[in-house]
Structures are given as structure tokens and as C-alpha cells.
Amino acid sequence: MHKALVNALSVANPSGLHVLLGHLEQLAEGLAGRCRFVVLCRADAGELRRRLGDRVDWEFAPPATRGWLFRSIWERLNLARLARRRGTAIYFTPSGIAAHLPAEVAQIVFCQNPWALVPAARRRRAALKAWLQRRAYRRAMRVAAAMVFNSRYMQDAYRANAGFAEKRGRVVHQAADEATRERAAAGQTLPRRPALILAVSVMAPHKNIEALARAFAEVRARHAEARLVLAGSWPDAAYERKIRALIEELGLREAVEFAGFVAREQLDGLYAAARVFCLMSRCESFGIPAIEAQLFGTPVVSSSVCAIPEICGEGGLFRDPDDVAGIAAALRTLIEDEAEWRTRSDLARSNAARFVWSRCSQPLVDLFAERMGS
């Protein structure tokens, strides 16, 4: 039986965990009896361990590997030895970075984090980390047996950074939460709030909430009943203060809700109630919240410069993230034009139906099978 080492140490947020678990469950099922997976994680990775259980074997790294610098050093010192001890034939990582391993270990590198490649997403204080990541991404393109990208946008970004194409590449999408899919199917007749605009994301500066706020102010000038809900945590306190000050300046305090982190079932209720989902991010390699919104038939207004147009298709309207007037016009179209809304809503549901794990993970399962010679 083949052995595959899966390095989960870089998975540090719910989105990354969702993606890794979705693909690993399909890999473990699809390759049962042919490949045994060894998952490298920290001992506190409770959800990962609970979901995968004894379907995989486990290796544990020190808690300090949560920090990227110590993790990089620990991996450089320990991964090759671990791979030899476990008899590893395939190494899989969702970090976008290849490891320093013996040449006989086939590395499959999954790429889903574009922040270091997009100037608008980089912060000055993280300049060194971004430079090191771009350098590591170029090396991965040279040494990996296969590069897996969660969108063509991500593939293009890696190619532009490297200046050449990968040796073997696959675009492998990711799927929405299954419980969300079930609630969306059961809630197709739930009433909408006619002018509710919903944004769901970790509210980092590159999410460009200021453009949405200014566009929302233009919508409110014609629709006094319009409301905006910002659902998600704010990891940068200074950015949250900036957006709250802008909301005050625009006279929108009573019309904008800072919902913060929202539990899964409550979030699905917001998707079902919203008229429009809007996120004008400058940097998205996929856009799971947009797909989740589409499951409920909620059309998307989003940025034209990231992966969301590729992922959301005709179930949305896409504008330059700096075009406040264009964003406002798109929002007004979906609030005012019932026929257009219904068309986009139907297209949104149809598009989102593509993103189920059994379908999305199949190219990755096939890639592992190819590497095993079967």
C-alpha cells in the first residue's frame, strides 16, 4: 500500500480547515485500500482529528509551529526524516510551498493563498514574509511533481510570479458546507428582506469594505429601507475603527450592522434573507461565502479583479473594486429590477450546484491515483 504524508500545519483558520477536510475525506474514501494517509498536525487540531479519526494515521508537531517562522524551521529540520520513517511516496501540502524532501517523494502542492502575490493585499509590516513566500512559491513551481490550484486565477498568479508554467497542473475547486447546502434546499421559499445587502468575510483591509460602504450610501439615497450587514471577524482593529468612522461620516450608523462572527445556522439564515451578497475584495483565490450565498439563490455583486467572477459565473454582477458608482448601480439593479433579480437568482442556484465535494475533489483523487500508477 502506498503512503502519503499530508502536512496540515499551515491550516490555521476555519476556511483552510474546511477545504483540507473536504478534500481529505474524499481522498481517504476514494483511495481506500490503495493509499494510507499520514496527517501531520498539532495535537490541538481537534476538528481535524475528530472528523478523520482512524481513517488516517497521525503525526504531531510542537505547538510553536502555529507561527510561520518556527514552522518553516521545524519543517526544514524534520520533514525529510519523517517522510523516510513513514515510507512516504507522496507528500501533500495545502500551504502552496514545496518541502525539502528526497527526490523520490512526489510532492503535490495545493495553492489557495494569494495574498503574497497581490500588492493590494500585502501590508508593509509583512513585507519580508511576503517576499519569502513569493520566493518559496517559485521554488514549488520548479520542484513539485504537480501543482494544484483552487482556481485559474490562482494558477495565473503563480505562473506570473514564477515567470514560467508548472510541470503538471490541475485546477481543483472546493465545495460549500454540506449543512448549508441542505438548509438552502429546504429554505427556497423563505421570505426575503427586500433591500438587505450582505457581506460575509474575515474583514481584512484588502476586503475593501470602504468601497462597499460608499456604494451603499448611494443605494440608500434612493432606498431608505436598505440595510447592510457585515458578517465576519475583524482581525485588524485599526481597520475596523476606520470603517466604523466612515459609516458615521456617511450617516449610515442606523443602516449598517456589524454582526461580527456569526454561527453557521444564523449565517445561513442571513444568506436566505438577503437580496444581494456583496464583497468587493481585491484578493480572493476562490470565494466560498459567495457560493454559499448562491446556494440560497442570492445573487452576487463582487470584484472583477479576483477569482469570484470565475467561480460565480452568471449568478452575479462584477465591477472594478474602485468603481463606487458602478458597484452602487449593480446593487440598485438587483434591488429594483425584479425580473433581473429572478434571472440572476436562478443562475446563482444553478452555478452553486456544481460545488459538491464528490465532484470537486475527483481531479485530486485522480491525480493521486496517477502518481501511484493506478
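The values are calculated or read from the model by the stated rules, or taken from the named source; none is laboratory data. Since this is a predicted model, take the numbers as computed values, not measurements. For neighbour counting, all protein chains shown are included, and Cβ atoms are generated from backbone atoms with ideal geometry for every residue, glycine included. Calculation scope for accessible area: heavy atoms of the full protein, side chains included, ligands and nucleic acids excluded. Shrake-Rupley method; radii C 1.70, N 1.55, O 1.52, S 1.80 Å.
If you line up the long axis of helix 362-371 against the longest principal axis of the chain, both from Cα atoms, how many degrees apart are they, to the nearest 10? On a 0 to 90 degree scale, this one is about 20.
Between the residues ALA32, ALA106, LEU52, the greatest Cα displacement towards the positive end of the dipole of the range 1-111, with unit charges on the Cβ of Lys, Arg, Asp and Glu, is found for ALA106.
Local charge for TYR271 was computed over the other residues whose Cβ lies under 14 Å away, with Lys and Arg +1 and Asp and Glu -1, and equals +2. Using the alpha-carbon atoms, what tilt in degrees (0 to 90, nearest 10) does helix 237-249 show relative to the longest principal axis of the chain? With rounding to tens, the tilt is 10 degrees. Mean sequence separation of contacting Cα pairs (under 8 Å, at least six apart), scaled by the length of the chain, corresponds to a relative contact order of 16 percent. Under 27 Å of direct C-alpha separation, and excluding same-chain neighbours fewer than eight residues apart, LYS129 reaches these lysines: LYS167, LYS207, LYS242.
Kindly provide log₁₀ I(q)/I(0) values, in the same order as q = 0.15 Å⁻¹, from the Debye equation applied to equal alpha-carbon scatterers of the range 26-172. Ignoring solvent entirely, the Cα scatterers give -0.87. For helix 14-30, report the angle its Cα long axis makes with the longest principal axis of the Cα atoms of the chain; keep it between 0 and 90° and round to the nearest 10°. Tilt relative to the chain: about 50 degrees. A Cβ-based charge dipole, computed about the Cα centre of the chain with Lys and Arg at +1 and Asp and Glu at -1, lands at about 1660 debye. Each of ALA290, ILE308, ALA136 was placed along the dipole of the chain (beta-carbon charges, centred on the mean Cα), and the one lying farthest toward the positive end is ALA136.
Report note on the peptides 250-256, 359-365: ranked by the mean count of other C-beta atoms within 10 Å, highest first, their order is 359-365, 250-256. The mean sequence separation of alpha-carbon pairs under 8 Å and at least six residues apart, normalised by the residue count of the range 22-142, gives a relative contact order of 16 percent.
When peptides 91-101, 185-195, 22-32, 4-14 are sorted by average Cβ neighbour count within 10 Å, with the highest value leading, the order is 91-101, 4-14, 22-32, 185-195. The HN-Hα couplings worked out from phi for the range 172-185 by the Karplus form 6.51 cos²θ - 1.76 cosθ + 1.60 (θ = phi - 60°) are 10, 6, 10, 10, 7, 4, 5, 5, 5, 4, 5, 5, 5, 5 Hz, whole numbers, x standing for Gly and Pro.
How do the peptides 303-310, 201-208, 162-169 rank, highest first, by the average count of neighbouring beta carbon atoms within 10 Å per residue? Don't skip to the answer; put the middle values down first.
Working: 303-310: 22.5, 201-208: 20.1, 162-169: 14.2.
So the peptides 303-310, 201-208, 162-169, ranked by packing, come out 303-310, 201-208, 162-169.
Scaled against 2.2 N^0.38 Å for its residue count N, the alpha carbon radius of gyration of the range 41-99 is 1.16.
Normalised by the number of residues in the range 130-212, the mean separation of alpha-carbon contacts (under 8 Å, six or more apart) gives a relative contact order of 24 percent.
If I take R0 = 35 Å and measure r between the Cβ atoms of ARG125 and GLU338 in this structure, what FRET efficiency does the formula 1/(1 + (r/R0)^6) give, to the nearest 0.05? Could you put the intermediate results ahead of the total?
Details: r = 47 Å, r/R0 = 1.35.
Once rounded, the FRET efficiency stands at 0.15.
Taking the Cα centre of the range 57-212 as origin and assigning +1 to Lys and Arg Cβ atoms and -1 to Asp and Glu Cβ atoms, the resulting dipole is close to 620 debye.
Over the chain, accessible surface divided per residue gives 43 Å², non-protein components excluded, 1.4 Å probe.
Between ALA103 and ALA43, what is the FRET efficiency for a Förster distance of 35 Å, r being their Cβ-Cβ separation, to the nearest 0.05?
It comes to 0.65.
How large a share of the accessible area of the chain, in percent, is made up of carbon and sulfur atoms when the probe is 1.4 Å and the other protein chains stay in place? Carbon-and-sulfur percentage of accessible area, whole number: 50. Between LEU198, ALA211, MET154, whose Cα lies farthest towards the positive end of the dipole of the range 118-254 when Lys and Arg beta carbons carry +1 and Asp and Glu beta carbons carry -1, centred on the Cα centre? Value computed over the given set: MET154.
If you wrap the range 198-324 in the convex hull of its Cα atoms and look at it from every side, the mean projected area works out to 7.1 nm². In Å, the Kirkwood hydrodynamic radius of the chain over pairs of distinct alpha carbons? Taking every pair of different Cα atoms in the chain, averaging 1/r and inverting gives 21.6 Å. Once the Cα-Cα distance is subtracted from the 0.36 nm per residue extended length, the ALA160 to ALA136 segment shows a gain of 7.3 nm.
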